[in-house]
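First the structure, in the form of structure tokens, and then the observations on it.
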Amino acid sequence: MSGAPRPYAASRPLVVADVTLDPPGRDEVLVAVRAAGLCHSDLSVIDGNRPRPLPMVLGHECAGVVEALGPGVTDLRVGDHVVAAFVPSCRHCEPCAHGRPALCEPGAASNTAGTLLGGARRLHRGEQQLNHHLGVSAFAEHAVMSRRSLVRVDAALPFEHAALFGCAVTTGVGAVVNTVHTPPGARIAVVGLGGVGLAALLGARAAEAAVRIAVDLSEDKLMLARELGATDVCNAADPRAVEFVRELTHGGVDFAFEMAGSTRALEFAYRITRRGGTTVTAGLAPPQSMLSIPHLGLVAEERTLKGSYLGSADPERDIPRFIEWFQGGRLPVDRLLSSRLALDDINAAFDTLADGRAVRQVVLF
Ligand SMILES: NC(=O)c1ccc[n+]([C@@H]2O[C@H](COP(=O)([O-])OP(=O)(O)OC[C@H]3O[C@@H](n4cnc5c(N)ncnc54)[C@H](O)[C@@H]3O)[C@@H](O)[C@H]2O)c1
Ligand SMILES: [Zn+2]
Ligand SMILES: [Zn+2]
């Protein structure tokens, strides 16, 4: 599947087929998946930018219904609505114990290995074991996941909206309110306006950032960003783009968020950050990509450069919190939903994502 040729509608790197799913083991849960969003992190496995153990059942942003509980799961019930977080948190390792479950060490190790948190693979095709994607593997009618990957959510929430909280919303909004605590009145910019970047823009509006500059290479994305509350927009391909932002903000933004997954975009975000400001990056560049920045400026301008994974979130705390913001009208993340599709159309939908023609496309089951 790695590095599949375009168009995917023809090369079909994702095969829709029947596979065997084992029953949930200890501390695991069987979930009937109802909605699963397509994220660039799935695309990065398909195009080879994020090497993962293959074959793998992709999909890591979903909502569904608990169908069966493995031994030891006492705090969920059959019929509960759940959202999956793409990092399971063990609750015991050092980052978990220090309130940083997005950095869970066993969670990261099992995600890299393509297993569930407990180390098992529950997916097979004949004799062949299949890998789990980020402990979730949501492009399927059913999934077995660790209890520690799941957050119970309000059953009134439509599945197609609930799914978005698993990745795009938590990553984007979390970067703005957790990774940095964007204060009211701040000047911010978001570079890269997919599901993650536009969620960050909505988060910045909810946090009452006063200047919200949206940056992309696509004019359509810039137009959508204006509708979603950008106060200014800027095409990164414009040779005067950096100057434009720096002039507009009298020296640069307080917080720039790179959410494109490209080192060029991160360089851009760094250049539009002001003296004393912070550049946050959530984009996942290919592993060999290196960033070059002026060392002196980092020091003499007291700049900060920060990574942000899963929005530095505690999914148990943040997913219900961000859902409340959505339900209260403060975070209109339903605007990120571009289209609904059937699983059979998923390869063509990845062409649409790769072409930048959609924000969040959601598979409904
Ligand atoms: N850190 C995390 O926890 C986390 C979680 C989810 C996704 N991601 C990563 O975040 C990135 C964004 O994901 P997405 O699903 O929103 O992607 P997407 O493909 O929907 O959107 C990316 C956007 O970036 C724009 N872009 C590309 N190069 C650019 C440049 N040089 N300057 C400005 N804009 C540029 C594209 O036009 C597109 O609109 C990906 O790299 C994804 O893997 C990270
Ligand atoms: Zn994702
Ligand atoms: Zn942990």
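The values are calculated or read from the model by the stated rules, or taken from the named source; none is laboratory data. Quick caveat, the model's predicted, so the values are computed rather than measured. So basically every Cβ, Gly included, is an ideal-geometry build from the backbone, and we count neighbours across all protein chains shown.
With respect to the conditions (1) closer than 30 Å to ARG91 by Cα; (2) in the same structural domain as THR182 (by TED's automatic domain parsing), ILE319 lacks only one, and its number is (2). Residues of segment 297-308 that are assigned to a helix (DSSP H, G or I) and buried (at least 24 other Cβ atoms within 10 Å of the Cβ): none at all. For segment 340-351, enumerate the residues that are surrounded by fewer than 19 Cβ atoms within 10 Å (Cβ to Cβ) and out of contact with any helix residue (DSSP H, G or I) (no Cβ under 8 Å at 6 or more places or on another chain). Correct list: ALA342, LEU343, ASP344, ASP345. Every condition in (1) of a type in the set (A, V, I, L, M, F, W, C); (2) under 19 Å from ALA186 (Cβ atoms); (3) surrounded by fewer than 24 Cβ atoms within 10 Å (Cβ to Cβ) holds for ALA269 except the one numbered (3). Here LEU228 does not fit the description of being within 22 Å of HIS40 (Cα to Cα) and in contact with a strand residue (DSSP E or B) (Cβ under 7 Å, 6 or more places away or on another chain). Taking residues in segment 166-188 that are under 24 Å from ARG152 (Cβ atoms) and among the polar types (S, T, N, Q), and partners anywhere that are away from ligand 3 (no atom under 16 Å from the Cβ) and outside any helix (DSSP H, G or I), the pairs with Cβ atoms closer than 6 Å and at least 6 places apart or on different chains are THR171/ALA282. For segment 258-315, taking the residues that are within 9 Å of ligand 1 (Cβ to nearest atom) and aromatic (Phe, Trp, Tyr), the one that is nearest to ARG148 (Cα to Cα) is identified as TYR309. Scanning segment 43-68 for residues that are in contact with a Pro (Cβ under 7 Å, 6 or more places away or on another chain) and hydrophobic (A, V, I, L, M, F, W, C) gives ILE46, ALA68.
Determine whether ALA138 is under 15 Å from the mean Cα position of the chain (by Cα), surrounded by 19 or more Cβ atoms within 10 Å (Cβ to Cβ) and more than 16 Å from ligand 3 (Cβ to nearest atom). Judged against the criteria, ALA138 is a match. When segment 274-296 is filtered for residues that are small (Gly, Ala, Ser) and assigned to a strand (DSSP E or B), the ones remaining, listed by number, are GLY276, GLY277. The residues of segment 309-365 that are closer than 18 Å to LEU222 by Cα, of a type in the set (A, V, I, L, M) and part of a strand (DSSP E or B) amount to a single one, LEU337.
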